[in-house]
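I have a structure I would like to understand better, so I am pasting it below and will then ask my questions one at a time.
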Amino acid sequence: MDYETADGSQFSLREIWSEDGRGTPQFQGTLITALIDGNAYVGKSLERADEMDDADVLQYLETVPAENIFPLMPEDLAVAPPFDASKHYLKAPQFTYDDRAAGNTFVADCLLHEAAVLERLMKHPHSSILTYYGCVVRDRRITHLALKRYPQTLPELEVTALSGTERQILHDQIEDGIIHLHSLGLAHNDINPDNICIDADGRAVIVDFDSCLPFGEALMKGVSGAAGDKIPLSDPENDFKGLRDIELFLHLDAPGMDHPTKRQPAATSSRRQF
């Protein structure tokens, strides 16, 4: 359960369940994460999520060290302009109860990495790649990433109302964005319908770059479609697997529709370009 209070504080409550020897679900507790006035908190309760009010939630919270969640702002990254709710979406770091431990900077490291990737993409823009405005900074630490606000995601789009040609255009726009990323030596590694937004002009835009890495680097997070026991690596093929999933998503409801003809991808270099 996720919610936001009138003062802008954000809360996430996740119930933990296990099974006994007979396979019967057993409630173990509720884990809480919160962002309040720019500070990170976590907590654990033995109450069900829907049985707690705001006061109950607050009593369980403990502060997470700022350095665990919010990285120091480097001098070479852009600072976001003043927030405009009509134009900007502020992406906050995602953290869990386990991230409270002193010295655990995994979340901060991921946020700093994503900021660096977005900074590079800002210098090499593409119409199928999200628009990035810079880092929101407080007390010399990055607290949010300022992104363009898009009207809807691909799953929210009424795909069934689109013609075959319109669906193919969306597919090709996503493919164009992927090819642009690959030309920079980067793979997104998490291409799926939830990570595609639709802009005001109806164009498909790739978002969520926290798994984006140069080719061959070990992924900090899981990858859509990855299999096996090997450590997943950043790989262009991850993106094309994701694109095939999106192709199925776009055409799944129309079994009588001709299968879209896949365009031949433009020749790209596998070299990193920095």
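FYI, it's all coordinate maths here, none of it is from the lab. Everything numeric here is computed off the predicted structure, so don't read it as measured data. Reconstructed Cβ throughout: ideal geometry from the backbone, glycine too, with neighbour counts over all protein chains shown.
Can you tell me the length gained on complete extension of the stretch residue 26 to residue 244, counting 0.36 nm per residue apart and subtracting the Cα distance?
Full extension from residue 26 to residue 244 adds 74.6 nm.
Taking a virtual spin label 7 Å from the Cα of residue 78 along the C-beta vector, which residues in the range 135-176 bring their backbone nitrogen under 18 Å of it?
135-138, 142-150, by backbone N distance to the label point.
Using per-residue counts of other Cβ atoms within 10 Å, averaged over each peptide, order 236-247, 180-191 from highest down.
Packing proxy ranking, top to bottom: 180-191, 236-247.
Please give me, ordered by residue number, the GluC sites (Glu not before Pro) of the range 19-127 that lie in loop per DSSP and have at most 15 other Cβ atoms within 10 Å.
Here the GluC sites (Glu not before Pro) that fit, given the DSSP loop and packing criteria, are 47, 75.
Could you tell me which trypsin sites (Lys or Arg not before Pro) in the range 88-164 are loop residues by DSSP with no more than 13 other beta carbons within 10 angstrom of their beta carbon?
Answer in residue order: 140.
Another question about this same structure. Please check: in the Gaussian network model of the chain (C-alpha springs, under 10 Å), which one of 89, 41, 60 has the largest mean-square fluctuation.
Highest fluctuation of the listed residues: 60.
Right, another one. Once Lys and Arg get +1 and Asp and Glu get -1 on their Cβ, which of 134, 85, 104 lies farthest toward the positive end of the dipole of the range 64-149?
Going by the charge dipole, the pick is 85.
Just want the answer: with Cβ charges of +1 for Lys and Arg and -1 for Asp and Glu, which residue in 122, 11, 196 is farthest toward the dipole's positive end in the chain?
Checked the options; the winner is 122.
Please state the relative contact order of the chain as a whole percent: Cα pairs under 8 Å, 6+ residues apart?
About 14 percent, as a whole number.
A follow-up question, please. For the range 64-149, what relative contact order do you get, as a whole percent, if you take Cα pairs closer than 8 Å and at least 6 residues apart?
Answer for the range 64-149 is 44 percent.
Let me check against my output: what whole-number percent is the relative contact order of the range 153-251, with C-alpha pairs under 8 Å and at least 6 apart?
Averaging sequence separation for qualifying contacts and normalising by length gives 31 percent for the range 153-251.
Moving on. For residue 36 and residue 98, FRET efficiency with R0 = 25 Å and r from the beta-carbon atoms, rounded to 0.05?
E(calc), rounded to 0.05, equals 0.80.
List, in the order given, every pair from 87/241; 123/148; 91/123; 44/91 whose Cα-Cα distance in the structure shown is over 27 Å.
Table pairs above 27 Å Cα-Cα are 87/241.
Let me ask something else. Give, rounded to the nearest 20 debye, the magnitude of the charge dipole that the chain has about its Cα centre when Lys and Arg contribute +1 at Cβ and Asp and Glu contribute -1 at Cβ.
1000
Still on this structure, I have one more. Report, to the nearest 10°, how far helix 106-123 tilts away from the longest principal axis of the Cα atoms in the chain, using its own Cα long axis and a range of 0 to 90°.
30
Mind giving me the nanometre distance, one decimal, between the label points for residue 109 and residue 183, set 7 Å out from Cα along Cα→Cβ?
It works out to 3.3 nm between the two label points.
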